[in-house]
Amino acid sequence: MKLFLSLSLICLLALTNIARAMEPGKAPRSYTGHFENILGTSMELKIRAISQEESEKAQKAVLHEISRMAAILSAYDPGSEFRRWEATSQKAVPISRELFEVLDLFDRWRIRTGGVLDASAEAITKVWKEAAIRQRVPTAAELDMAVARVKQAHWKLDSLHQTATHLSDVPLMLNSFVKSYIIRHAAEAGMAASKADAIIVNIGGDIVVTGNVMETVSVSDPKADAENDLPVDEITISNRAVATSGSYRRGEMIAGKWFSHIVDPRTGEPADGVISATVVAPDATDAGALATAFNVMSPSESAALARTLPGIEYLIITKAGVEIKSPGWSKLETDVRPKAVGLGPDFEMLVNLELNLPKEGAIKRPYVAVWVEDENHAAVRTISCWHGSDRYLPELRSWYLKYRTIYASDKGFSSSMTSATRSAGKYTVKWDGKDDNGNPVKPGKYIVKIEVSREHGTYQLMRQEIEWNDMAKTFNLTGNIEIAAASLELRKKSNGN
């Protein structure tokens, strides 16, 4: 019966998509929105629809579903259903379908990965966080004790009555695949609530692509430290999910050594051999779970696990920089692999931005343009431009005046990026010392401009003159209503370590 219903649902969705594609009238347009404070990180939402009205219906449904699911599954909200259930002990508690499904998925993935994925790994994570405060690695005894706690039974599920009994006092954290699980539900809700042709939800680098669209996805370089660094690869996907997990954005620094936030529940040690794993899968939960597991498992173990599931492709990058690809990964790759233009100078400039965000609640990200001009105010290079609807792009008045022609012809503005998750509102972009044509600039005076605008809201323009002469220097810029903090760091090029 379940199989019949699943096949019926697939057929219904397919017919719905065909009907949407055949609707007379205007061709679908792309509507893009960026949000902060979504599941602790940032969200890019792309909607292809025949009208702004349908786009707004889809957006509203996506945001509502994310909020609804977070109220159930969040490990950071003390009032979430998960945290309320975790506060119980030795009592069968009726729980929602979603929480039951996630706990059941953790049981299944713990077995499937041989203990690599475990919600109670938080007990080990806490040991490493405390060690970082003391600036010494945990002792063998401390890790053994944490691993023993992880190996306990933490809950018992009753599928007949949809109850869960909390059995231990070990801290739990619903990470790994849960973000991808929520993204899948959000994308489905957006499609169901509107006549959208396609929806692409990207939260913290985990992406679900659904509907009539082929999406280009860039894979972030784990050895790079800026949003606009060249990706290691570029793929195209349709009606699939992609997730990336890695050690390069979160972890602990102890006595000058970096330790990953991803730990092996079997040993208590942080993941070390792999620094990034990107997984493409038909199901978002599978993509999220495998991306985390592949950071802990050996490449051969990862390959064996991938073969047990349909439609799995992956790119694993080891600590030594070796790229390991699944047999079918090359079929997803675009024709042209991203590469640097020209040799370039040995100097670079990092632009660090921290947006002003409310303590709670999602908020739309403002439009932001960061670019360089020469001392005569001629445009030299756009470092980065964040925007949503083209309708409001002219509100970036200074940047748009100089770059509107280039923007109209640059397809690179529309690609998605999969990466390890970073904190909401904190960004780093980089200038490599080249102009818009890829030519190294001459030494001399330049002006860095940061322009910020909100739809029908505030407008800010920050300026800083710099001397481009291979001299290391840091500039701290005064914040404003939109930018909490900003700095420019002129330095020798990073070696990626």
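The values are calculated or read from the model by the stated rules, or taken from the named source; none is laboratory data. Remember, it's a predicted structure, so these values are computed and weren't measured experimentally. Here the Cβ is made from the backbone with ideal geometry for all residues, glycine too, and neighbour counts use every protein chain on show.
What the table shows:
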{"item": "Whichever residue in the range 281-331 is of a type in the set (D, E, K, R) and more than 23 Å from G204 (Cβ to Cβ) and, among such residues, is nearest to the chain's Cα centre (by Cα)", "result": "K325"}
{"item": "Top-ranked residue in the range 130-162 [being more than 21 Å from S89 (Cα to Cα) and among the charged types (D, E, K, R); ranked as surrounded by the most Cβ atoms within 10 Å (Cβ to Cβ)]", "result": "E142"}
{"item": "Within the range 192-254, strands (runs of 3 or more DSSP E) holding 3 or more residues that are in contact with a Phe, Trp or Tyr (Cβ under 8 Å, 6 or more places away or on another chain) and in contact (Cβ under 8 Å) with a residue 12 or more places away in the chain", "result": "251-254"}
{"item": "G204, sole failed condition from (1) surrounded by fewer than 24 Cβ atoms within 10 Å (Cβ to Cβ); (2) closer than 18 Å to L290 by Cα; (3) modelled with pLDDT under 95", "result": "(1)"}
{"item": "Which listed residue, of T418, T382, T334, is within 21 Å of V201 (Cα to Cα), modelled with pLDDT of 80 or more and either in contact with a Cys (Cβ under 6 Å, 6 or more places away or on another chain) or crowded, with 19+ Cβ neighbours inside 10 Å (or both)", "result": "T418"}
{"item": "Odd one out for A75 among (1) at pLDDT 95 or above; (2) of a type outside the set (K, R); (3) buried (at least 17 other Cβ atoms within 10 Å of the Cβ)", "result": "(1)"}
{"item": "Whichever residue in the range 377-404 is of a type in the set (A, V, I, L, M) and under 28 Å from the mean Cα position of the chain (by Cα) and, among such residues, is nearest to T32 (Cα to Cα)", "result": "L393"}
{"item": "Pair list, Cβ under 6 Å, 6 or more apart: the range 347-358 residue part of a loop (DSSP other than H, G, I, E, B), other residue buried (at least 17 other Cβ atoms within 10 Å of the Cβ)", "result": "N356/E482; L357/E36; L357/N37; L357/G425"}
{"item": "The range 29-59, residues that are among the hydrophobic types (A, V, I, L, M, F, W, C) and part of a strand (DSSP E or B)", "result": "F35, I38, M43, L45, I47, A49"}
{"item": "Members of the range 261-288 that are free of Cβ contacts under 8 Å to residues at least 60 places away in the same chain and within 21 Å of A148 (Cα to Cα)", "result": "I262, A271"}
{"item": "In the range 297-323, residue surrounded by the most Cβ atoms within 10 Å (Cβ to Cβ) [restricted to those that are in contact with a Leu (Cβ under 9 Å, 6 or more places away or on another chain) and in a loop (DSSP other than H, G, I, E, B)]", "result": "M297"}
{"item": "So S247, is it among the polar types (S, T, N, Q), outside the structural domain of V147 (by TED's automatic domain parsing) and out of contact with any Gly (no Cβ under 9 Å at 6 or more places or on another chain)", "result": "yes"}
{"item": "Candidates I66, I111, I133 - the one that is among the hydrophobic types (A, V, I, L, M, F, W, C) and touching a residue at least 12 places away in the same chain (Cβ under 8 Å)", "result": "I66"}
{"item": "Subset of the range 132-146 [in contact with a helix residue (DSSP H, G or I) (Cβ under 7 Å, 6 or more places away or on another chain) and either part of a loop (DSSP other than H, G, I, E, B) or within 13 Å of P265 (Cβ to Cβ) (or both)]", "result": "V137, P138, L143, A146"}
{"item": "Every residue from the range 265-281 that is surrounded by fewer than 22 Cβ atoms within 10 Å (Cβ to Cβ), at pLDDT 95 or above and either of a type in the set (D, E, K, R) or at positive phi (or both)", "result": "R266, E269"}
{"item": "Residues (in contact with a Gly (Cβ under 9 Å, 6 or more places away or on another chain), part of a strand (DSSP E or B) and not hydroxyl-bearing (S, T, Y)) located in the range 255-265", "result": "W258, F259"}
{"item": "Lone unmet requirement of (1) assigned by TED's automatic domain parsing to the domain that holds S51; (2) on the phi > 0 side of the Ramachandran plot for H185", "result": "(2)"}
{"item": "One residue from S180, S120 being in contact with an Asp or Glu (Cβ under 6 Å, 6 or more places away or on another chain), assigned to a helix (DSSP H, G or I), of a type in the set (S, T, N, Q) and closer than 24 Å to A70 by Cα", "result": "S180"}
{"item": "E451 being under 24 Å from Y367 (Cα atoms), among the charged types (D, E, K, R), in contact with a Phe, Trp or Tyr (Cβ under 7 Å, 6 or more places away or on another chain) and at pLDDT below 95", "result": "no"}
{"item": "Which listed residue is in contact (Cβ under 8 Å) with a residue 60 or more places away in the chain, β-branched (V, I, T), surrounded by 15 or more Cβ atoms within 10 Å (Cβ to Cβ) and closer than 17 Å to E101 by Cβ, from T125, T165", "result": "T165"}
